[in-house]
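Rule-based calculations on the coordinates, nothing more; no lab input. Computed from a predicted structure; not experimentally measured. All Cβ positions, even for glycine, are placed from backbone atoms using ideal geometry, and neighbour counts span all protein chains on display.
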Amino acid sequence: MLFSVARKRRCCTKFLGTRIYPSCNLCTMECHAQLSVSTTQTLKCTSSSNVQSTPEIEKKYVHRVYDAIAPHFSATRFAKWPKVASFLSSLNSGSLVLDAGCGNGKYLGLVPSCYFIGCDISAPLINICADRGYEVVVADAVNLPYRSCFGDAVISIAVLHHLSTEERRKRAVCELIRVVKRGGLVLITVWAKEQEDKTLLNKWTPLSDKYVEEWIGPSSPRVRSLSSSKLQSIPEMEENALGEPLKDSKDMSGLKLQETPTPSCEEGSNLEMGSESGSIGQNQQEFFVPWHLPYHRAEVSGASATALANGLAKKDDKKGAVVYNRYYHVFSEGELERLVSHMSNAVIVDQFYDKSNWCIVLQKTL
Amino acid sequence: MRLLTHNMQACNIKGVTNGFPFRVEAEEVMEKQVDFNADFLRNLFPKIEWKALVEASRAMGYHELPDEADSSLLDSDDFLQKFHRALPQLHLEEGAFVCPETGRKFPTALIKCI
């Protein structure tokens, strides 16, 4: 990884003619400006090394998985989420926008009157963005390699749910707020525990205890058999990368489940889990969500052979795919709001639930 | 990588107190035409760290930008044209970013892909 632990950063807001320090109490970095000593606002400084070190579960079940599936993942990432598109379209012309966790760059350049830059933890995904001519770097959401207060807006779309501790999630929110200017906007979306299609959770493997080896060992009897699960296709008719219309079928085995699930009006919160996993409490929020990488793509990738050997992935001959698991901490109702409410330098200006995601818009106040 | 992007990036390596701006070492620079948009440039101007832009543009072989600039220059078409050439058009194709504090080098290839 190129950019690692951050320590201190200059913070400036040139257009105001004065320099302002970020006052997020939960920021674990110090901000020393080379400015007037009469400014007394300083951050509470705690050691940043722990929160910025990537836990093993994220290395194995987020970073390596996305690296392995990048081209396939990118091929299925084309639908622009209307709520994100409208947020970006509402920004002033000439806005500087950061997409932190940009994936394949689907939102970069979406609005021609704004200037977009992006970053993502996955080098293969960043390569895809760079090939498309976007201004991108490989970087970590908990340590964004940008000067403070530069952006008019930042978006974090389906990113925070891959961070495995609350401290890391808070740190990432802190970073998002840090990089926008005073008055700047932050849009965050995360997967909801309250899925519109409740049956989807049956296809996910709950983590009974974090980082417990039995759950992730290939020989464990407790590992859920995924061959019985049937993937749903994205409901809208959209073109895939080849320009062919997508259809509901077993051909769509690689499609991501969640970005545009079928809306459902059903209430009810019983999360029935299969017998292999035992009883799962309704408070369960830690999951492995499968990604089916078709064999022909896995062979091209090469990474899958290693993944299979390491037990990081399994073969599913019925589906003709290598099955990877991605780690998710799905957010419960109110959790995202609680996560951001401690930030003293930003206020919530909007929050909503949309297509099984919890979403929030913040505005930096100081 | 464009100078506009360079103007936003900071080195965040452990122990660095001020990682902005990266010093630019240019090996290959390209200029890619972008439609001139005065309003866009005027909106961007207040967001730019001017000194960093000037230093980086000179490192890339472009010496037209003044040492200092204020918003009154935005009325000058000549200035806007120079600003336009530097900001969205110049690309660092090959070279490196150097952390101003540690001297650590990040080749452009490394910045985009490890």
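What the table below lists for this structure:
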quantity	calculated
The stretch B:3-111 shape via C-alpha gyration tensor axes, a/c threshold 1.5	prolate
Loop GluC sites (Glu not before Pro), the stretch B:33-73 (other Cβ atoms within 10 Å of the site Cβ: 12 or fewer; DSSP)	B:GLU68
Sequence-separation-based contact order of the stretch B:3-111, relative, with Cα cut under 8 Å and 6+ spacing, percent	41 percent
Fewest-first sequence of A:MET343, B:MET30 by Cβ atoms within 10 Å of each Cβ	B:MET30, A:MET343
Neighbour cut-off at most 16 other Cβ (10 Å), DSSP loop, trypsin sites (Lys or Arg not before Pro), the stretch B:7-114	B:LYS14, B:LYS32, B:ARG104
Full-stretch length increase - A:ARG132, A:VAL347 - with 0.36 nm per residue and alpha-carbon distance subtracted	73.9 nm
Under the Karplus curve 6.51 cos²θ - 1.76 cosθ + 1.60, θ = phi - 60°, whole-Hz ³J(HN,Hα) for the stretch B:46-56, x wherever Gly or Pro sits	x, 8, 8, 7, 5, 4, 5, 5, 4, 4, 5
DSSP beta bridges in the stretch A:99-218 [antiparallel fraction, %, rounded to 5]	10 percent
Distance between modelled label sites at A:THR365 and A:ALA305, nm, 7 Å Cα→Cβ extension	5.7 nm
Under the Karplus curve 6.51 cos²θ - 1.76 cosθ + 1.60, θ = phi - 60°, whole-Hz ³J(HN,Hα) for the stretch A:109-117, x wherever Gly or Pro sits	x, 4, 10, x, 7, 10, 10, 10, 10
Cross-link table A:LYS59/A:LYS364; A:LYS106/A:LYS355; B:LYS51/B:LYS82; A:LYS106/B:LYS51, entries beyond 22 Å C-alpha to C-alpha	A:LYS59/A:LYS364; A:LYS106/B:LYS51
Interchain or long-range residues, amide H under 5 Å from A:ALA346's placed H	A:THR365
Top positive-direction residue, dipole computed over the stretch B:3-111 with Cβ charges, set B:LEU73, B:ASN12, B:ALA59	B:ASN12
Per-residue Cβ neighbour rank within 10 angstrom, fewest leading, A:THR165, A:THR189	A:THR165, A:THR189
Assigned charges on the beta-carbon of Lys, Arg, Asp, Glu; the stretch B:3-111 dipole about Cα centre (debye)	520 debye
Zone residues, the stretch A:310-344, relative to A:GLU167, backbone N less than 18 Å from point 7 Å out along Cα-to-Cβ	A:339-340, A:342-343
